[in-house]
Amino acid sequence: MVKLRNAQFVLLAACFALLLCGTAEAEPQVNTIKDVIAKLYDCWRPPPTSRANPMDITVIVSFNHAGEIFGHPRITYESEQATENDRLIYRVAVMEALQRCTPMPFTQGMAGAVAGRPFAVQFRTRKSPPQPVEKRAWLSPKIL
């Protein structure tokens with residue numbers, strides 16, 4: 001009877017340990033520049049339009065080997081029509097996105113390749129103007 005209880009306890013403890021280990025998923029590692037930009041876009045949460053008008057903003061940021069921000073990120077572009085309030089709210093949103101994404105989980109090779117190198121990341125929330133539809137009236141198809 002005692003052996004049966006011990007066996008049940010061990011089995012229950014093993015199942016619990018597997019459950020805990022199985023739920024902890026490893027964060028996917030960043031191996032390309034495209035992955036870096038995609039990860040930053042995943043962390044981006046633009047402010048709601050009730051707080052700020054949509055605008056475009058570009059930040060230059062560098063990372064160290066460990067994936068932490070190296071130096072100070074710099075805002076290099078903001079939409080012309082944006083008000084000072086819009087600019088301030090979007091700057092805060094960009095810095096929050098960078099904080100959510102760091103430390104960046106670089107692979108060993110990627111960590112060495114990007115350490116100290118600047119990335120210019122564009123965050124776009126404005127709608128781009130529609131592309132004009134070209135009419136090709138002067139190139140009529142020949143029917144043979």
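The values are calculated or read from the model by the stated rules, or taken from the named source; none is laboratory data. Note that the structure is a prediction, hence the values are computed from the model and not measured. Using ideal geometry, Cβ is built from the backbone for each residue, glycine included, and neighbour counts are taken over all protein chains shown.
The table that follows gives values for the structure above.
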| read-out | value |
| --- | --- |
| Any strands (runs of 3 or more DSSP E) falling wholly within segment 53-134 and containing at least 1 residues that are touching a strand residue (DSSP E or B) at 6+ places or on another chain (Cβ under 8 Å) and over 20 Å from Ala38 (Cβ atoms) | 69-78 |
| Near pairs, Cβ below 9 angstrom, 6+ apart or cross-chain, from segment 31-54 (within 16 Å of Glu84 (Cα to Cα)) to any residue that is at pLDDT 90 or above and among the β-branched types (Val, Ile, Thr) | Pro47/Ile89; Pro47/Val92; Arg51/Ile89; Ala52/Thr83; Ala52/Ile89; Asn53/Thr83 |
| Complete set of residues in segment 106-128 that are over 13 Å from Ser62 (Cα atoms), within 12 Å of the chain's Cα centre (by Cα) and surrounded by 15 or more Cβ atoms within 10 Å (Cβ to Cβ) | Phe123 |
